[in-house]
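Any read-out appearing in this document is the output of simple, stated calculations on the displayed coordinates, not a laboratory observation. Every value quoted in this text rests on a predicted model; they were computed, and no experiment measured them. Neighbour counts run over all protein chains shown; Cβ positions are idealised from the backbone, glycine included.
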């Protein structure tokens, strides 16, 4: 990014923030945005009255402990499990998938569902741990149509943004909207949230411009859904991907860490694909499962952190008992988790 | 739930990040005899012999895959140890070679590795003078482990605790390509990038006397090695993001895999602290070997390692921890 | 996990495209987006999810167009 332009944007942000006067809190809801903000030291470049807070956009962080326990329980019962790498280290009552693997369970890390589809040829019992938001659900839907058995914890993202606003625990003056969820869902669905929003891309320039556009809305008293990520987000998103999602999934209640049940936020496999729904196929194994909220988890503040209620530094475990080597909760496990990022990039001098 | 892995050694303990550093510190505590030797926490140990110094180092190599674009385990087994001597300011005299081989390992592959070892030995003109070979039952070892030890002589030792406030930090060339070569092979990405594995003897002969601290950023990458210099020299180091020489492929792979570029290893580069008035001369000499030799930061009063980002923001770079890249060297 | 990266399509065969991500080359599944050889796409978890608009639009867009100079 040319220095001249960067200086210009930062100056414009300062002028607008001064015009605003009051303190405003912007929330980024996508883990990748949180990463960019930390990697480029963006917080430190903003005027004092513009605050950034992290929301629940890290799919690993918002996966309910119960779902982690169920998949680890399944793996320990001898069923081979394939999963995206990030979630392997999240600890639950029965340990993490990684620990289960060390103790003999068949657990495979994959980068794309196509690897899982290939694996299934030699491991017909393979279950894919389907995790992620609107961006990742189409791939799982594709894989289900190709015969893969899936344990779905997929979630739709927008209901969580609604829940955050409704719960009103944190003052949110504007959202930096998730660029790749928006690539799938488009612009219109966000209109029902009555706060300024800017759909933003992922380079450091994109994020600065997105913040500028939000402050401009606030200074001018507008409440709109603007699109900064023009190169990837079309007004109608990706209809092909959405069609595929709803061919295979139906909307149900979603179980979120920190939020509990959010109505209309979960994706359940349709009964037409019942035989590939691991929750149904392995009913007999799951019958033996008893959910116990992990005792240690009580001290973990991940649930509040993903709602923007606390900063990682206010958690008593942060940096002491909980760090990237020995993480207590998913916010420290995931490289996009608020705690992990704060730990790695904070000034420790 | 108790953490059962606390009782055993884990992969992170060997990753070159914070945990490795902790383990090595713990293991050193068991070794009570030190007589006569200095710099035992450096890249090599030093035994003063009047005007000269005997320098001694060792390394084990478990890289996976064994053969990768730009080299193989034999090449890095020689270069790695040669470079550990060179970055201390020593002229290597001889190497030992010990190999533990899994039953069933193809003879052809073993001979290919030996040819690479010989080729490197000829390039640096340092003989393999002693060694050992063992074979273990199939399944008890993953293919092969190679350990090399090396001795050299140095008139002046370059340690890694000599950086001072005001010094500039330099790199001898672009960074991270060894890891790119390995990861692209491991994760099935195609690229033109080859491992940067090569001996550093000539560069260090050319500029060694100007270096106040020096390391080759292998395991643990730029982050771990800069952190070590900063920590041992008791200075704060600030790197300038826009000056860091990473090829576009290195950046791309780091983004694609979500692995921090600062943990990417180089096997044929060094980073060093130099007095600012020497910078022009040193960079000019190093550019003859690699056009990407450049100043990448400076040392200030304080502690820790920081990055001045392309946007002008400041953030810390810490020792890699958590998920690390296994079997890089 | 919004982790997605832009790359250029070098070739397409059926469902699979060979994509160049700045010198790192990997396959991507192209069933979710209408794309052609030469297009820039955004790839997430091994699938192209959208064709990126022409390169001019990459240059952080709106703000620059309004405030150039």
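Spacing of the modelled spin labels on residue B:31 and residue B:192, each 7 Å from Cα toward Cβ, amounts to 4.4 nm.
Distance between the modelled labels on residue B:119 and residue A:145, one decimal in nanometres: 4.8 nm (7 Å Cα→Cβ projection). For the pair residue C:54 and residue A:250, a Förster radius of 22 Å applied to the C-beta separation gives a FRET efficiency near 0.05, rounded to the nearest 0.05.
Between the Cα long axis of helix A:65-76 and the first principal axis of chain A there is an angle of about 30°, rounded to the nearest 10. Using the Cβ-Cβ distance between residue A:165 and residue A:275 with R0 set to 41 Å, the FRET efficiency works out to roughly 0.60.
Seen against the Cα atoms of chain A and their longest principal axis, helix A:158-167 is set at about 60 degrees.
The simple spin-label model puts a point 7 Å past each Cα toward its Cβ; for residue C:34 and residue A:220 those points are separated by 3.3 nm. Take each residue of peptide C:16-28, count the partner chain Cβ atoms within 10 Å of its Cβ, and average: the result is 6.
Any idea what angle helix A:3-20 forms with the longest principal axis of chain A, computed on alpha-carbon atoms, 0 to 90 degrees, nearest 10? Relative to chain A, helix A:3-20 is tipped by roughly 80 degrees. Relative contact order of chain A, taken over Cα pairs closer than 8 Å and 6 or more residues apart, is 22 percent. With the convex hull constructed from alpha-carbon coordinates only, region B:39-154 shows a mean projected area of 7.6 nm² over all directions.
For peptide A:137-144, the mean count of partner chain Cβ atoms within 10 Å of a residue's Cβ comes to 3. Between residue B:47 and residue B:23, the contour length at 0.36 nm per residue exceeds the Cα-Cα span by 6.2 nm.
Peptide B:247-255 is shielded by partner chain Cβ atoms: per residue, an average of 5 of them sit within 10 Å of its Cβ. Could you tell me which of rounded, prolate or oblate describes chain B, using a ≥ b ≥ c as the square roots of the eigenvalues of the alpha-carbon gyration tensor, with rounded for a/c under 1.5 and, failing that, prolate when a/b is larger than b/c and oblate otherwise? Since a/c stays below 1.5, the shape of chain B is classed as rounded. When each of the peptides B:261-274, B:93-106 is scored by the mean number of other C-beta atoms lying within 10 Å of its residues, the order from highest to lowest reads B:261-274, B:93-106. For the listed peptides B:283-289, C:36-42, a ranking on the average number of other beta carbons within 10 Å per residue, highest first, reads C:36-42, B:283-289.
Once the Cβ-Cβ distance of residue B:130 and residue A:121 is raised to the sixth power relative to R0 = 45 Å, the FRET efficiency obtained is 0.35. Each listed q (0.11 Å⁻¹) maps to a log10 I(q)/I(0) for the protein assembly as shown, found by the Debye formula over equal Cα scatterers with no solvent: -1.27.
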